[in-house]
1. Among GLN68, GLN90, which is the only one that is assigned to a helix (DSSP H, G or I), open to solvent by 90 Å² or more (accessible area, probe 1.4 Å) and at pLDDT 65 or above?
2. Condition first: within 15 Å of the chain's Cα centre (by Cα), of a type in the set (Ser, Thr, Tyr) and not in a helix (DSSP H, G or I). Now tell me which residues in the range 1-57 satisfy that.
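The values are calculated or read from the model by the stated rules, or taken from the named source; none is laboratory data. Because the structure is a prediction, the values reported are computed rather than measured. Heads up: the accessible areas ignore ligands, DNA and RNA and are worked out on the full protein's heavy atoms, side chains in. Shrake-Rupley method; radii C 1.70, N 1.55, O 1.52, S 1.80 Å.
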Amino acid sequence: TRNEAKAEQLLAKAEGTIAPWIEKKKEFETKQKMLEVFEKLSGNNDVIVSGSSDEGVNLSIVADAMLQSSSLFKEENRSALMAELALLSQGSNSFVPDRST
């Protein structure tokens, strides 16, 4: 009927008016969820977060974390040895010139 058509028009107009507000609300909720994830990651001691995309820097960070959490004096501690070797390798690559050029 006529009243139903008018009601549909008013509803469509109202939805058009609030659409940008709903979009902003969803963006806010998404950011809140991301912050919750970051908060949970920051509380996990087994996670290493780096802001760098440089592979050498990230390798150094992981190796350093492994070295700090391990006792280097135990011969059976393979991960600490591997971390130390990776760190030494990365360090030597920084100081030895590339002779291929």
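1. None of the others qualify; the one that does is GLN68.
2. Once the filter is applied, which keeps residues that are within 15 Å of the chain's Cα centre (by Cα), of a type in the set (Ser, Thr, Tyr) and not in a helix (DSSP H, G or I), the range 1-57 yields SER50, SER52, SER53.
Listed here are the residues, each with its yes/no results for (1) open to solvent by 80 Å² or more (accessible area, probe 1.4 Å); (2) among the acidic types (Asp, Glu).
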| site | (1), (2) |
| --- | --- |
| ASN3 | yes, no |
| LYS6 | yes, no |
| ALA14 | no, no |
| PRO20 | no, no |
| GLU23 | yes, yes |
| GLU36 | yes, yes |
| GLU39 | yes, yes |
| SER42 | yes, no |
| VAL49 | yes, no |
